[in-house]
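The structure is given below, and queries will be raised subsequently.
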Amino acid sequence: MTFGPCPPMPPGTAQDCSGALQICSDQSFSNNSNGTGNFIDLTLSNQGCLGLGERQGTWYYFSPATSGTIGFTISPLVATDYDFAVWGPMASIQCPPVGSPLRCAFAAPTGDTGAGNGAADFTEGAGGDRWVSTFNVLPGEIYLLYIDNFSINGQAFNLSWQLTNGATLDCSILPIELIEFSGNF
């Protein structure tokens, strides 16, 4: 039996780590995810608190231009259960991310969630309060952020940054490094 060439792989979308959107300013932004992408980026080895893997989510990456502390708030526009994870620091974008997230929130209630609000924990499961600790950053480090609409209702959110102690975000173009690829036929 002879097999012909494989069809080209679909390109990564923002719902895939390889299609992550760059965040390069402290301006608030809005988004709503409505799919799971073309690739499975989260597995038991890297999903951290996101126990059900990827659901209606979007990938982002960012890099600090200056040292400081990063926090953010994800505010759903209507009652929606948003969860998130942040991986880093890393020297280049690694898709899918390696290892457990630096910060991760999988709290069950709807409402605002994020890094900050006085939280001291680094990760939380479904029984958490939707908030984890801010994190200190250095210039040139790279972070991946996955925001997941657990409610799978396509509702939008606003993300606002709380950059303190001098932190700013860099707008340089960053390369994405594919560290694993598999295919089935």
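The values are calculated or read from the model by the stated rules, or taken from the named source; none is laboratory data. In this text the structure is predicted, and so the values were computed from the model without any measurement. Cβ coordinates were reconstructed from backbone atoms using ideal geometry, including for glycine residues, and neighbour counts include every protein chain displayed. Please note that ligands, DNA and RNA were not included when accessible areas were found on the heavy atoms of the full protein model with its side chains. Shrake-Rupley method; radii C 1.70, N 1.55, O 1.52, S 1.80 Å.
Take the residues in the stretch 104-133 that are among the charged types (D, E, K, R) and in contact with a Ser or Thr (Cβ under 7 Å, 6 or more places away or on another chain), then tell me which one is nearest to LEU159 (Cα to Cα).
By that ranking, first place goes to ASP112.
Continuing with the same structure: Could you run through the stretch 39-60 and say how many residues are touching a Leu at 6+ places or on another chain (Cβ under 8 Å), touching a residue at least 24 places away in the same chain (Cβ under 8 Å) and open to solvent by less than 20 Å² (accessible area, probe 1.4 Å)?
5
Just need a number here: residues in the stretch 77-120 that are open to solvent by less than 30 Å² (accessible area, probe 1.4 Å), within 18 Å of GLN15 (Cβ to Cβ) and either of a type in the set (D, E, K, R) or assigned to a strand (DSSP E or B) (or both).
9
If I ask for residues that are more than 27 Å from PRO139 (Cα to Cα) and hydroxyl-bearing (Ser, Thr, Tyr), which ones from the stretch 37-65 would you list?
Matches in the stretch 37-65: THR43, SER45.
Which residue is nearest to the chain's Cα centre (by Cα), if the candidates are limited to the stretch 61-71 and must be surrounded by fewer than 21 Cβ atoms within 10 Å (Cβ to Cβ) and of a type outside the set (A, V, I, L, M)?
Checked the stretch 61-71; the qualifying residue nearest to the chain's Cα centre (by Cα) is THR69.
Can I ask one more? Would you check if there is a residue in the stretch 31-49 being hydroxyl-bearing (Ser, Thr, Tyr) and part of a strand (DSSP E or B)? Spell out how you get there, then give the answer.
From the stretch 31-49, those hydroxyl-bearing (Ser, Thr, Tyr) are 33, 36, 43, 45; that's our starting set.
Now restrict to residues that are part of a strand (DSSP E or B): none.
No - not one qualifying residue is present in the stretch 31-49.
Do we find a residue being of a type in the set (D, E, K, R) and over 11 Å from the mean Cα position of the chain (by Cα) anywhere in the stretch 76-98?
Yes, some residue in the stretch 76-98 is of a type in the set (D, E, K, R) and over 11 Å from the mean Cα position of the chain (by Cα).
Looking at the stretch 50-65, which of the residues that are aliphatic (A, V, I, L, M) and part of a loop (DSSP other than H, G, I, E, B) is nearest to LEU169 (Cα to Cα)?
Applying the first criterion (aliphatic (A, V, I, L, M)) to the stretch 50-65 yields 50, 52, 65.
After this cut, where a residue has to be part of a loop (DSSP other than H, G, I, E, B) as well, the list is 50, 52.
Numbers: LEU50: 26, LEU52: 30 Å.
In this case the residue turns out to be LEU50.
Here's another thing I want to ask about it. For the stretch 134-146, indicate whether the set of residues that are part of a loop (DSSP other than H, G, I, E, B), open to solvent by 20 Å² or more (accessible area, probe 1.4 Å), within 18 Å of GLN56 (Cα to Cα) and at pLDDT below 95 is non-empty.
No: the stretch 134-146 contains no residue that is part of a loop (DSSP other than H, G, I, E, B), open to solvent by 20 Å² or more (accessible area, probe 1.4 Å), within 18 Å of GLN56 (Cα to Cα) and at pLDDT below 95.
Same structure again: Given the options ALA156, ALA167, name the one that is open to solvent by less than 60 Å² (accessible area, probe 1.4 Å), of a type in the set (A, V, I, L, M, F, W, C) and either at pLDDT below 90 or farther than 18 Å from SER25 by Cβ (or both).
Going through ALA156, ALA167 in turn, just one is open to solvent by less than 60 Å² (accessible area, probe 1.4 Å), of a type in the set (A, V, I, L, M, F, W, C) and either at pLDDT below 90 or farther than 18 Å from SER25 by Cβ (or both): ALA156.
Determine, yes or no, whether THR36 is open to solvent by less than 50 Å² (accessible area, probe 1.4 Å), among the polar types (S, T, N, Q) and more than 17 Å from ALA115 (Cβ to Cβ).
no
I'd like the residue in the stretch 170-185 that is within 16 Å of TYR60 (Cβ to Cβ) and of a type in the set (Val, Ile, Thr) and, out of all such residues, is modelled with the highest pLDDT.
It comes out as ILE173.
Given the structure, is GLY19 surrounded by fewer than 22 Cβ atoms within 10 Å (Cβ to Cβ) and under 26 Å from ASN136 (Cα atoms)?
Considered against the rule, which asks whether it is surrounded by fewer than 22 Cβ atoms within 10 Å (Cβ to Cβ) and under 26 Å from ASN136 (Cα atoms), GLY19 comes out as yes.
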